[in-house]
Amino acid sequence: MRLPAVLGVAAVVLAGCAQTVAGSAVPNPAQGITPLRAGDTDQVLIGPAQLHDIVGVKLQTEADQTRPIPGSSAVPACSALDAAGMAAFLGEKWLGLHVMLFTDGDRHDHVVAEAVAIYPDGAAAAAQFATGTKNAKACDGQRALSTGGDAAWKFTVPEINADTVRWSKEQLGIPFDWTCFAEARLRNNAIVQAMACQGDDTGQVTVTTMTDRMSASVWELSGR
């Protein structure tokens, strides 16, 4: 069954200046920027009703926490990319953090996760993003067991740059497709992340839509 393999992590953890264009930062030196506050995390995250519109199915909350997900992959280079909200990606110097996991209940066709971490300033967020992504290239093509579980995954990391990383992990050893697409972006003094797992490639569209919306929320809170 797909869901238990993906929820293994949840079982463990529950014990400059810019304006936005389609969620992206566009330089605008004439305007200032206000750092997000620790309590702004919930204004950045996407609620279940909005997720229903994005994913197309009703989702229920399976995990809701204000700490990053601990643990490391059997392949250390992939530890930061195992799920949205990994401690290996977000570090310990954040001011506020929120991680949520949703599923479609008994259907076992969709798993969606999102995370936001807010840091003291843009420089601290940028430094943590660089730390969280420094091994991402080495993870590309790797096969590894998931954190806190026994599912085997193949990782693919097609894009890494100064403020965005996109990756996917495909579950191995099962007779059907099950792939998790994920994305993380650096925006102002925050890092936003999304992951969508399902049996086809539309999870990529889901995570890009999610990170676009979270990015837009960051810039709005920043005074854009």
Practice item. Mark the label point 7 Å from the Cα of Leu145 along Cα→Cβ and return the residues of the stretch 70-85 whose backbone N is within less than 15 Å of it. Key: 71-76, 79
Check your understanding: Which trypsin sites (Lys or Arg not before Pro) in the stretch 131-171 pass both tests, a DSSP loop state and at most 12 other beta-carbon atoms within 10 Å?
Key -> Lys134
Check your understanding: Among 55-62, 72-79, what's the highest-first ranking by average C-beta atoms within 10 angstrom per residue?
Key -> 72-79, 55-62
Exercise for review: Give the peptides 200-207, 183-190 in descending order of average Cβ contacts within 10 Å, highest first.
Suggested key: 183-190, 200-207
Review point. If you find the alpha carbon centre of the stretch 136-205 and of the stretch 82-129, how far apart are they in angstrom?
Key: 13
Review point. Lysines near Lys134 by alpha-carbon distance under 30 Å, same-chain residues fewer than 8 away left out - which ones?
Key: Lys93, Lys154, Lys169
Study note, to complete from the structure: Between the modelled labels at Asp200 and His108 (7 Å from Cα along Cα→Cβ) the distance in nm is 2.0
Exercise for review: Using 0.36 nm per residue of separation minus the Cα-Cα distance, give me the extension gain between Gln43 and Ser72 in nm, one decimal.
Suggested key: 7.5 nm
Point to revise | Contour minus Cα-Cα distance for Gln65 and Glu170 (0.36 nm per residue) | key: 35.3 nm
**Study point:** Probe 1.4 Å, protein heavy atoms only - accessible area per residue of the stretch 114-224 in square angstrom
**Key:** 38
Check your understanding: Along the stretch 81-92, what does the Karplus equation 6.51 cos²θ - 1.76 cosθ + 1.60 (θ = phi - 60°) give for ³J(HN,Hα), rounded to whole Hz, x for Gly and Pro?
Key -> 10, 5, 7, 6, x, 5, 4, 5, 8, 8, x, 10
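The values are calculated or read from the model by the stated rules, or taken from the named source; none is laboratory data. Worth saying up front: this structure is predicted, and the values here are computed from it rather than measured. Quick reminder, even Gly has a Cβ in these numbers, built from the backbone with ideal geometry, and neighbours come from all protein chains shown. What goes into the accessible areas is simple: the full protein's heavy atoms, side chains included, and nothing from ligands, DNA or RNA. Shrake-Rupley method; radii C 1.70, N 1.55, O 1.52, S 1.80 Å.
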